[in-house]
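Read through the structure below, which is laid out as structure tokens, and then see the notes.
The values are calculated or read from the model by the stated rules, or taken from the named source; none is laboratory data. Just so it is clear, the structure is predicted and the values come from calculations on it, not from any experiment. With ideal geometry, Cβ positions are generated from the backbone for all residues, glycine too; neighbour counts draw on all protein chains shown. The area values use the complete protein model at the heavy-atom level, side chains included, leaving out ligands, DNA and RNA. Shrake-Rupley method; radii C 1.70, N 1.55, O 1.52, S 1.80 Å.
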Amino acid sequence: MFEALSTRLNGVFDKLRRRGALSEADVTEALREVRVALLEADVALPVARDLIAKVRERAVGVEVIRSVSPAQQVIKIVNDALVEALGGGEGAEAPGLDLNAPSPVPILMVGLQGSGKTTTSGKIALRLRTRDKKKVLLASLDVARPAAQLQLQTLATQAGVMSLPIVPGQSPLEIAARAMDMARRELFDVVILDTAGRLSIDDALMSEVAAVKAATKPHQTLLVVDAMTGQDAVNTARNFQDRVGVNGIVMTRVDGDARGGAALSMRATTGAPIRLLGAGEKLDALEDFHPDRIASRILG
Ligand code: GDP
């Protein structure tokens, strides 16, 4: 992810560095090129526009242009703006999951079919068990796809955690209630509820997910989106935010050649932080999302 964007931005900044002294026109021209690079990387238009406006405001100041290394200053300002767009900066929440709630902590996984929701549930379970020493219960509420509950059961075995026994014929709400009940009785720390996805946003899906959310009151509602879907991922996120309400985003397939713009647009579009990244099919391919490290990666 971000390779093309990184190359483009480096080109712009190399040119700026070679100039030495900078005029306001040089900065304006460089920022125009940065804007084009952001748009080509699939950053949403209003997000790119705001980012550039912010950088321009900070960069055309006399001190920057007259400073010893003006190009370096401009790059630093772009870096800071990227960190902010990615949800970082002063006062930002620490990355990763927020499990700061009484046990059993419910985590609700939502998203479109194929986004990597079930795989991510398994990845989170493995990490919580091995790194955080948590007792985790996995439960699939997906009654639409016959194989879904079995798929989660298999992942639970691979992750070394328990999964809710399958009872055919139950509704998602009944399964959720049973999962919470088992978690309370058997003193689980965390319950991961994996909901059914659809190929695209539809009312039935949204109502089902909203009903499960109202019944289980999850501490974290994590939206899983596929980075490869670019602008669509951002639209999906906006929809889920409006209709269900999420407080974290997991972006998957960042191991692919996604252009990365979705990651830069998510925070401004939904207000929710990206908490985790999925970087492969294996269960250990889960990373914390560090805005500052991502910005450094983009700026190379
Ligand atoms: P769901 O329908 O949202 O539950 O999606 P699944 O979890 O079943 O994942 C769909 C496919 O995407 C599977 O083949 C996964 O192995 C794959 N997948 C999930 N996350 C990632 C990821 O981060 N990187 C890659 N390369 N593949 C992933």
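Angle check, please: helix 172-185 long axis (alpha carbons) against the longest principal axis of the chain (alpha carbons), in degrees 0 to 90, nearest 10.
80
Explain nothing, just the number: relative contact order of the chain, from Cα pairs under 8 Å at least 6 residues apart, as a whole percent. Please list the in-between numbers first.
Details: 561 pairs, mean separation 77.0, N = 300.
Relative contact order of the chain: 26 percent.
Taking every pair of alpha-carbon atoms in the stretch 129-184, what share in percent sits in each 5 Å bin, from 0 to the bin with the longest distance?
All Cα pairs, binned at 5 Å, distribute as 4, 20, 29, 23, 15, 6, 2, 0 percent.
For Met162, which sequence-distant residues (separation of 5 or more, or a different chain) have an amide H within less than 5 Å of its own amide H, given hydrogens modelled in the peptide plane?
Here Val136, Leu138 satisfy the definition.
How big, on average over all directions, is the shadow cast by the Cα convex hull of the stretch 162-300, in nm²?
9.5
When the Karplus curve 6.51 cos²θ - 1.76 cosθ + 1.60 is applied with θ = phi - 60°, which whole-Hz ³J(HN,Hα) does each residue of the stretch 220-232 get, with x for Gly and Pro?
10, 10, 9, 8, 9, 10, 8, 4, 5, 8, x, 4, 4
Place a +1 charge on the Cβ of each Lys and Arg in the stretch 209-289 and a -1 charge on the Cβ of each Asp and Glu, then give the dipole magnitude about the Cα centre in debye, rounded to the nearest 20.
Roughly 420 debye, rounded to the nearest 20.
Need the full-extension length gain, Gln170 to Ala210, defined as separation in residues times 0.36 nm minus the C-alpha distance. One decimal, nm.
Roughly 12.6 nm would be gained on extension.
Compare Pro218, Pro172, Pro46 in a GNM of the chain, Cα atoms joined below 10 Å, and give the one with the largest fluctuation.
Among Pro218, Pro172, Pro46, the largest mean-square fluctuation in the Gaussian network model of the chain belongs to Pro46.
Along the charge dipole of the chain, Cβ charges K/R +1 and D/E -1, which of Val250, Ala272, Leu128 sits furthest on the positive end?
Leu128
Over the chain, with the other protein chains present, what is the accessible area per residue in square angstrom, probe 1.4 angstrom?
Here the residues of the chain average 45 Å² of exposed surface.
Whole-Hz Karplus ³J(HN,Hα) for the stretch 7-16, in order, using 6.51 cos²θ - 1.76 cosθ + 1.60 and θ = phi - 60°, x for Gly and Pro?
Along the stretch 7-16, the couplings run 4, 4, 5, 4, x, 4, 6, 4, 4, 5 Hz.
Give me the percent relative contact order of the stretch 51-151, please, defined on Cα pairs under 8 angstrom at least 6 residues apart. All intermediate terms of the calculation are to be shown ahead of the outcome.
Details: 42 pairs, mean separation 13.3, N = 101.
Contact order relative to length: 13 percent.
Which length gain, in nm to one decimal place, applies between Thr157 and Lys15 when the Cα-Cα distance is subtracted from 0.36 nm times their residue separation?
45.8 nm
Could you pull out every one of the lysines with an alpha carbon less than 30 Å from that of Lys54, ignoring same-chain neighbours closer than 8 positions?
Lys15, Lys76
Grab the beta carbon distance between Ala285 and Ser67, set R0 = 35 Å, and tell me the FRET efficiency rounded to 0.05. Each step should come with its number before you reach the end.
Working: r = 42 Å, r/R0 = 1.21.
Taking R0 as 35 Å, the efficiency between Ala285 and Ser67 is 0.25.
Can you spot the lysines whose alpha carbon is less than 27 Å from Lys217's alpha carbon? Ignore those fewer than 8 places along the same chain.
Straight-distance partners of Lys217: Lys117, Lys123, Lys133, Lys134, Lys135.
Residue by residue through the stretch 129-137, which ³J(HN,Hα) values in whole Hz follow from phi under the Karplus form 6.51 cos²θ - 1.76 cosθ + 1.60 (θ = phi - 60°), with glycine and proline marked x?
5, 7, 8, 9, 6, 9, 8, 10, 10
Need one word for the stretch 160-240: rounded, prolate or oblate. Basis is the Cα gyration tensor (sqrt eigenvalues a ≥ b ≥ c); a/c below 1.5 gives rounded, then a/b vs b/c decides.
Cα axes put the stretch 160-240 in the prolate bin.
For the stretch 162-300, what relative contact order do you get, as a whole percent, if you take Cα pairs closer than 8 Å and at least 6 residues apart?
Relative contact order comes out at 17 percent.
Over the chain, with every protein chain in place, what whole percent of the accessible area is carbon and sulfur at 1.4 Å, could you tell me?
Answer for the chain: carbon and sulfur cover 50 percent of the accessible area.
Report the antiparallel proportion of the DSSP beta bridges in the chain as a percent, rounded to a multiple of 5.
If I count the DSSP bridges inside the chain, around 10 percent turn out antiparallel.
What residue among Ala262, Ala237, Ala210 has the largest mean-square fluctuation in a Gaussian network model of the chain, using Cα springs under 10 Å?
Ala210
Would you mind working out the magnitude of the charge dipole of the chain relative to its Cα centre, with +1 at each Lys and Arg C-beta and -1 at each Asp and Glu C-beta, to the nearest 20 Debye?
380
What stretch of the chain, leaving out the sites themselves, is the longest with no GluC sites (Glu not before Pro) in a DSSP loop having at most 14 other Cβ atoms within 10 Å?
Details: sites that count: Glu90, Glu93, Glu186, Glu281.
Looking at the chain, 187-280 is the longest stretch - no exposed GluC sites (Glu not before Pro) with at most 14 other Cβ atoms within 10 Å.
Near the amide H of Gly248, under 5 Å away, which other amide H atoms are found, from residues 5 or more places off or on another chain, if H is placed in the peptide plane?
The list, which skips near neighbours in sequence, is Thr221, Leu223.
Quick one: go through the stretch 232-252 and flag any residue whose amide nitrogen is under 20 Å from the point 7 Å out along the Cα-to-Cβ line of Asn100.
246-250
What share of all Cα pairs of the chain, in percent, falls into each consecutive 20 Å distance bin?
All Cα pairs, binned at 20 Å, distribute as 34, 48, 17, 1 percent.
Give me the extension gain from Arg32 to Glu186: residue separation times 0.36 nm, minus the current Cα-Cα distance, reported in nm with one decimal. Write down the numbers at each step before the final one.
Values: separation 154, 0.36 × 154 = 55.44 nm, distance 5.84 nm.
Length difference between fully extended and current span is 49.6 nm.
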